[in-house]
Every structure is written in structure tokens, then in C-alpha cells.
Amino acid sequence: MIGGREPGGFGAAARGLQAQVDASTLDERPGWGASSRLAAPGGPIEPGREAGRSMMRDLALLPKAHLHLHFTGSMRMATLLELADQQGIRMARGLAEPAAMHLSPDERGWFRFQRLYDSARQAVRGEAAMRRIVREAALDDAAEGSGRLELQIDPTSYAPHVGGITPALEIVMDEARAASAATGVEVALVVAASRLRHPLEARTLARLAVRHAGDGPGQVVGFGLSNDERRGDTDEFAPAFAIARAAGLAAVPHGGELLGPDHVHRLVRSLKPDRLGHGVRAIEHPAVMRELVADGIVLELCPLSNVALGIYPGPAAVPIRPLLEAGAQVTLNADDPLVFGSRLLAQYEMLRLVHGFSDAELAGLAACSVRASRARDATKRRLLDGIGRWLAR
Ligand SMILES: [Zn+2]
């Protein structure tokens, strides 16, 4: 059920679409992520057929890279409920109903998100569950046309159940290798530190990431910084990022979502990111925007997360065109489908349906995601060729 919930939440998302989308079709869907086929007035949109003003190609067949997806947040709801049941854990109310998740961008809103996320994390206790999450993330990405997934994990949370942060990371790496071979989606890893923990711990994680760095499937390609952007002192994490960058890892901290352009500027100066998790609010200050563009920093946009967290009142308000017009390199990502209720494909569909993006523009975003990935050149070429073929159909 997407409509009829709290004002400004996913209900608003549905209302924004009503001119173009049959609400009765949306009603049976949990949020944006359940299907790649939304209906248009006069019947469902047939991929490859003329529908409305332009040719609609099947976005699930558009090759793309997925650069911002969290390990726990990638979990299928059914998997979480099964794991929680096995552990005898009662899930926090609201987690099983992602479409109802609307939070305000205040402490309480973030707290609620964090509480839901933490209760999901508690259900992941041991190697079998960890392997299952990686495998299913790869399968779900494969079904949505992703050919490259850079999955973000803070191994600290799972360490107690498997004998430490090193085994926790190695389990995920091993399964990422196996899942890459099985699904055709190259799965690489981003090790992320938490802003809520001591910066020394971030350095330990950066060194762990460096020891497992590489450009093959299952290896670590980046170092991130996650959790509540308003907590911790960004500058204190600079030494951890210096360790990661010196070893050739991509610096991919979160920022510019809960806080505005001032914080983006600070992140850019002290952590020297290659890509910024979100970064969407850089648009609020032209000088900060120019800085991002001049430094070639890629934005890992997660538009439906921004809406679910209440940063913007609805999908139409996410400033994607202004970011592109300012020269930003923009990629689309799912972030935490478990709590926000939308996967990767839903982000592309939303841009098509709400922002009127053409197939050529969507292909441009997909190409940007491939180029901004840390995949080997041969993989990038293969995916970019696929994007060209998709557009030539
Ligand atoms: Zn994130």
C-alpha cells in the first residue's frame, strides 16, 4: 500500500505520480521497489513500444553499476523475517512495513531509522546469514540489470558472531566472489567505518580494507564513513581516509544529506572523496557545487531514501536536474531497500515517471555509474557497450 499514509511520506510519492500512473496498480505494491512495471493511463507501459510521448525501453535490461548499497539494508524483507524467526527476535514495529516508513529529518526521525536498522542487524548472527545476504543482493541486482555492485559493509557489527572483523570481512569477500561467478554481477566491497565510533577504530578498519584491496570480484575497492552525518567530527576521520587513499582505495564517505553544503565542503577538504554518498544538498550552495564539479567528485544519489527520510517532501522535489545542470556526475543507487522499500530499478523508474527523463538521459546516468565504479577497464567497456546496445534498440 503506497497511498493513504502519512502526509509527505510515500503517500505523497504516490500522489505525485497520479497524473501518470494508475494508483490502483501501486496500491498492491510495497513502495516503489516491488516491480519494474508500473502502469500508465490506458494500460501498462510495454517496454519497447510507443507509450505516451516517448519510446520506453525496459529499464531492467539497461546495464548499470550499483555503487551505494548497504549490506544489512540490502536484505529482502522475507529473509529478514525468516532470520529473525530463527533467532527468536521480535522485529521493531514498522520494519516489516517499509512503505509506511516516513521519517522527519530530525533527531527523532533518524533515531527511528537507526532503531529499525539495528533490529535488522541483530538478526544477522553468523556466517550462513551473512553469505545469504550477499548472494541475494547479487541476485536482486542481476534481476535489475546491474552488472557491477559495490556493496558497503561495516564488519564491526557482525564480528562478535564470527570471531572478529577480519573473519567477518573474509566471509563476505568469499561469498561475493562466489556470487559474482554465479550471477554475472561483479560484486566488490566497500569497507565502511561508523561516525558513531572512535576515529581510531576507523583507522583499524581502513588498514583492514587496505589488506584486502584489489580490483577482482570479492575484493575491497573503497573505504566509506556511514551513520548519522551530524555525529562525530569529520576532520578526525581524515587519517583513516588517508590510509585508504594511499593504498588506492576509493574514498566514499556519506555526506550532504542530513547536513547541507557547509558539511559537503568540509568533507571535500578533509576526506578528499572520490565519490560522495548522497551529496544531494550541495546544490544549495553554488560555490560548493562548483567545488564538487571541479574536483570530479561523483554523487551516489539515492533519491527515494532522501524522500523516505523526509529530506524532500516527495520524489518530484529531489533536485536531480539542477544537479546535472550544474555539471555534477550523478549515479542512482538504492541505499537501504530493506527500510526504504525501493531497490535500484525503482530509482530509474522514478526519474522516468516523475522527472520525465528520456531513455537517453537514463542511459547517461547508467553510463556514469559504470565509469564511476572501480571495476576493471574490460568490465567497464562491456557494460558501456551494453548501454549503447540498449539505447540502439
Ligand atoms: Zn548510505
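The values are calculated or read from the model by the stated rules, or taken from the named source; none is laboratory data. All values reported here derive from a predicted model rather than from experimental measurement. Cβ coordinates were reconstructed from backbone atoms using ideal geometry, including for glycine residues, and neighbour counts include every protein chain displayed.
Of note:
- Number of the condition not met by Asp262 [criteria: (1) over 20 Å from Leu67 (Cα atoms); (2) within 22 Å of the chain's Cα centre (by Cα)]: (2)
- The set of residues in region 92-113 being at pLDDT 70 or above and either among the basic types (Lys, Arg) or loosely packed, with under 14 Cβ neighbours inside 10 Å (or both) consists of Phe111, Arg112.
- Taking each residue of region 151-173 that is farther than 18 Å from Ala138 by Cβ and looking for partners that are among the acidic types (Asp, Glu) and in a helix (DSSP H, G or I) with beta-carbon atoms closer than 7 Å, six or more apart or interchain, yields Val162/Glu127.
- Just one residue in the set Ala246, Ala308 is of a type in the set (Gly, Ala, Ser) and buried (at least 18 other Cβ atoms within 10 Å of the Cβ); that residue is Ala308.
- For Ser342: the one exception among (1) in a loop (DSSP other than H, G, I, E, B); (2) within 16 Å of the ligand (Cβ to nearest atom); (3) at pLDDT 95 or above: (3)
- Residue selection: Val318 satisfies the criterion of being within 16 Å of the ligand (Cβ to nearest atom), of a type in the set (A, V, I, L, M) and in contact with a strand residue (DSSP E or B) (Cβ under 9 Å, 6 or more places away or on another chain).
- Qualifying residue in region 159-170 (condition: surrounded by 18 or more Cβ atoms within 10 Å (Cβ to Cβ) and in contact with a Ser or Thr (Cβ under 7 Å, 6 or more places away or on another chain)): yes
- Of the helices (runs of 4 or more DSSP H) lying entirely inside region 115-202, the ones with 1 or more residues being of a type in the set (Lys, Arg), modelled with pLDDT of 95 or more and under 20 Å from the mean Cα position of the chain (by Cα) are found at 127-143.
- Strands (runs of 3 or more DSSP E) completely within region 214-312 that count 1 or more residues being away from the ligand (no atom under 16 Å from the Cβ) and either of a type in the set (D, E, K, R) or at pLDDT 95 or above (or both): 220-226
- When Gly327, Gly260, Gly341 are checked against the criterion of being on the phi > 0 side of the Ramachandran plot and free of Cβ contacts under 8 Å to residues at least 60 places away in the same chain, a single residue qualifies: Gly327.
- Residue within region 323-331 that is in contact with a Lys or Arg (Cβ under 9 Å, 6 or more places away or on another chain) and assigned to a strand (DSSP E or B) present: yes
- Region 123-139, residues that are of a type in the set (A, V, I, L, M) and touching a residue at least 12 places away in the same chain (Cβ under 8 Å): Ala123, Val124, Ala129, Met130, Ile133, Val134, Ala137, Ala138, Leu139
- Residue check for Ser194: in contact (Cβ under 8 Å) with a residue 60 or more places away in the chain, in contact with a Ser or Thr (Cβ under 8 Å, 6 or more places away or on another chain) and polar (S, T, N, Q): no
- Residue identified as more than 19 Å from Gly341 (Cβ to Cβ), surrounded by fewer than 18 Cβ atoms within 10 Å (Cβ to Cβ) and not aromatic (Phe, Trp, Tyr) among Arg266, Arg275, Arg281: Arg266
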